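To keep things clear, I will list the structure first and then write my remarks on it.
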Amino acid sequence: LVIFHHGHSQPCSECWVPWIDQTSDWLNQVGFDVMVIQMPLHQCNYVPESNCEHSWFAQFEAQGAKTFRYFLEPVVLTINYAQSLGYKKIMMMGLSGGGWTTTMLGAIETRLRLTMPIAGSIPCEFKHTSWDYEQFCTNKWAQICDYECLYTLAGLEEDRYSVQVIHEDDPCCFHGYGRHERIQAYNKEIQSRIAGHFETVVTVGNVHEVNVRDKIVTGYLMDRFKEQDGLTAQDFASIPFNSLRAWGP
């Protein structure tokens, strides 16, 4: 089973948008069952008063509400439901805000053994400018466990794996171009702390989407995981379209 989280899709007030169907169909076509998750306040969860802005939650947080449960709890409940149906191998991937959610759940939900966030985050020291409300490094969660901490937890145990995919020239978020050496540095540091595997794959792309190269990378990893019930060093060395390795720093 693949849990797919499509993030901040537009128009945010529409319950369904075509590319979500296209990605879900692709996952079905390559042999996986799919459950789709949507952002709070977006798509089928649209609340007109919020104008699709997650900062709308701040008024409730000021009164003590734990609003981050709306980002995380749906995935946990989906895993519970999937297990009740008999699924044994559950993976998660997501784009943008869905990639951020995938990163968060990879850190806290050990039943997800393979997580693949796409264009979902980069460490706080990169000082990226296009964060969404829930992703700010000033949030309380980030003061306790920042992005590099989350990446560490996602691959902490021996049989858990997280492969972060970002795009060279993403016009929205977390581009790789000109950052290869810094990305390689945090990859090396995180891998030194864990028994599983964490890696960043930088694919060629200049659109904020799940592109064809992303699909090949994630499809390859999911297929190897399904067939072997795990991933090996050779599997990671053979990931295609990784310009971080092909081009160097």
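The values are calculated or read from the model by the stated rules, or taken from the named source; none is laboratory data. None of these values were measured; they are calculated from a predicted model. Heads up, the Cβs are rebuilt from the backbone with ideal geometry, glycines too, and the neighbour counts pull from every protein chain shown. Remember, those area values only see protein heavy atoms, side chains included, never the ligands or the DNA or RNA. Shrake-Rupley method; radii C 1.70, N 1.55, O 1.52, S 1.80 Å.
Among the conditions (1) free of Cβ contacts under 8 Å to residues at least 40 places away in the same chain; (2) open to solvent by 10 Å² or more (accessible area, probe 1.4 Å); (3) closer than 27 Å to R224 by Cβ; (4) not β-branched (V, I, T), R69 misses just one, which is (3). For F241, state whether it is among the aromatic types (F, W, Y) and open to solvent by 60 Å² or more (accessible area, probe 1.4 Å). Spelling it out, F241 is indeed among the aromatic types (F, W, Y) and open to solvent by 60 Å² or more (accessible area, probe 1.4 Å). Restricted to region 153-172, and to residues there that are surrounded by fewer than 24 Cβ atoms within 10 Å (Cβ to Cβ) and touching a residue at least 60 places away in the same chain (Cβ under 8 Å), the residue that is farthest from M222 (Cα to Cα) is C172. Scanning region 13-55 for residues that are farther than 17 Å from M92 by Cα, open to solvent by 20 Å² or more (accessible area, probe 1.4 Å) and not in a helix (DSSP H, G or I) yields S13, E14, C15, W16, Y46, V47, N51, E53.
Among residues of region 1-12 being out of contact with any strand residue (DSSP E or B) (no Cβ under 8 Å at 6 or more places or on another chain) and surrounded by 14 or more Cβ atoms within 10 Å (Cβ to Cβ), the one that is modelled with the lowest pLDDT is S9. All of H175, H197, H208 fail the test of being open to solvent by 30 Å² or more (accessible area, probe 1.4 Å) and free of Cβ contacts under 8 Å to residues at least 12 places away in the same chain, apart from H175. Would you pick out the residues in region 179-188 that are open to solvent by 70 Å² or more (accessible area, probe 1.4 Å) and either out of contact with any Pro (no Cβ under 7 Å at 6 or more places or on another chain) or among the hydrophobic types (A, V, I, L, M, F, W, C) (or both)? Passing the criteria: R182, K188.
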